[in-house]
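Trainee: The structure is given below, and queries will be raised subsequently.
Each value in this text was obtained by applying a stated rule to the coordinates, not by laboratory testing. Note that the structure is predicted; figures quoted are calculated from it, not measured. Using ideal geometry, Cβ is built from the backbone for each residue, glycine included, and neighbour counts are taken over all protein chains shown.
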Amino acid sequence: MLSQKGRRWTKGLRSFFSDHNSKACLMHTFVFKERILGILMVGWVFSGKSAAGNSILRAEVFHAGDRTVKALRQSGTVAGREVVIVDTPGWWKFFPPTFTHLDLKSEILKGVSLCSPSPNVILLTMPFDTSFTEEQRRITETYLKLLGERVWRHVIVLFTFGNALGDKSIEQHIESEGQPLCKIIEKCGNRYHVLDNTICITNLFQHYLKQVLWFAVLTRL
């Protein structure tokens, strides 16, 4: 079951600022010095990574609908900040890295270097139109382990194809999927967002990106 504090991770950020004024000042200074936000997109094949990257940058710079085979770096200005997004090849959801060609793993690792010096945020894309089983949880954790032991402190789960959610809330969806998905959400600090790939980016999503920037600062302190 998803913890109560996981309902809105942004509440945690607001609480942090109110309780840690000195650190908030440090963050304010940091944001104006570090103007580039590096985002690494990861997930399984056809999970909507490329379309999500296009939505964030508000440009058709990634080949949505086609399978990504090489790590690709694109950039743009979002919410007044320069954003660098690196799209990486997706893994097959039923095959762990031991059964994956070395080229795939090397391209995922190459994506990290393209976010030089390192990604501020790792967006783990998950589509609503497929279930998330215990097998997918193990495979997802194994792939993310390729990026280092501390990878989860940078991860935000990005649920794609949000139009498939219907009348359900995101919290209802997470809980209906059971422990496998709840464990992933808990592992990344209860950080998640819903993206409808069928519509243009909205002011709400731009606000979300500003929160991503603050989260990136938090992980650097």
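Trainee: For HIS63, HIS193, HIS154, HIS101, what's the fewest-to-most ordering of other Cβ within 10 Å of each Cβ?
Mentor: HIS101, HIS63, HIS193, HIS154
Trainee: Just to confirm the filter: which GluC sites (Glu not before Pro) across the range 36-117 are DSSP coil and have at most 15 other Cβ within 10 angstrom of their Cβ?
Mentor: Sparse-neighbourhood loop GluC sites (Glu not before Pro): GLU60.
Trainee: Could you size up the charge dipole of the range 98-157 around its Cα centre, putting +1 on the beta carbon of Lys and Arg and -1 on that of Asp and Glu, and report it in debye to the nearest 20?
Mentor: Dipole magnitude for the range 98-157 comes out near 260 debye.
Trainee: Which trypsin sites (Lys or Arg not before Pro) in the range 57-105 sit in a loop by DSSP (not H, G, I, E or B) and have at most 14 other Cβ atoms within 10 Å of their own Cβ?
Mentor: Here the trypsin sites (Lys or Arg not before Pro) that fit, given the DSSP loop and packing criteria, are ARG58, ARG67, LYS70.
Trainee: Once you have all Cα-Cα distances for the range 126-196, histogram them in 10 Å bins from zero and send the whole-percent values.
Mentor: With 10 Å bins starting at 0, P(r) equals 19, 56, 23, 2.
Trainee: Next up: Which aspartates and glutamates have a Cα less than 13 Å from the Cα of LYS93, not counting those fewer than 8 places away in the same chain?
Mentor: By straight Cα distance, LYS93 reaches GLU134, GLU135, GLU141.
Trainee: Charges only on Cβ, +1 for Lys and Arg, -1 for Asp and Glu: so what's the dipole of the range 52-184 about the Cα centre, in debye to the nearest 20?
Mentor: With Lys and Arg at +1 and Asp and Glu at -1, about 440 debye.
Trainee: Only counting other Cβ atoms within 10 Å, I'd like SER47, SER116 sorted with the fewest neighbours first.
Mentor: The order, fewest Cβ neighbours first, is SER116, SER47.
Trainee: Find out how many positive minus negative residues lie around GLY166, taking Lys and Arg as positive, Asp and Glu as negative, among other residues whose Cβ is under 12 Å from that of GLY166.
Mentor: It works out to a net charge of -2.
Trainee: Calculate the length of the line joining the C-alpha centroid of the range 122-166 to that of the range 80-115, in whole Å.
Mentor: That distance is 13 Å.
Trainee: Here is a further query. Among THR77, THR125, THR142, what is the fewest-to-most ranking by other Cβ atoms within 10 Å?
Mentor: Starting with the residue having the fewest Cβ neighbours, the order is THR77, THR142, THR125.
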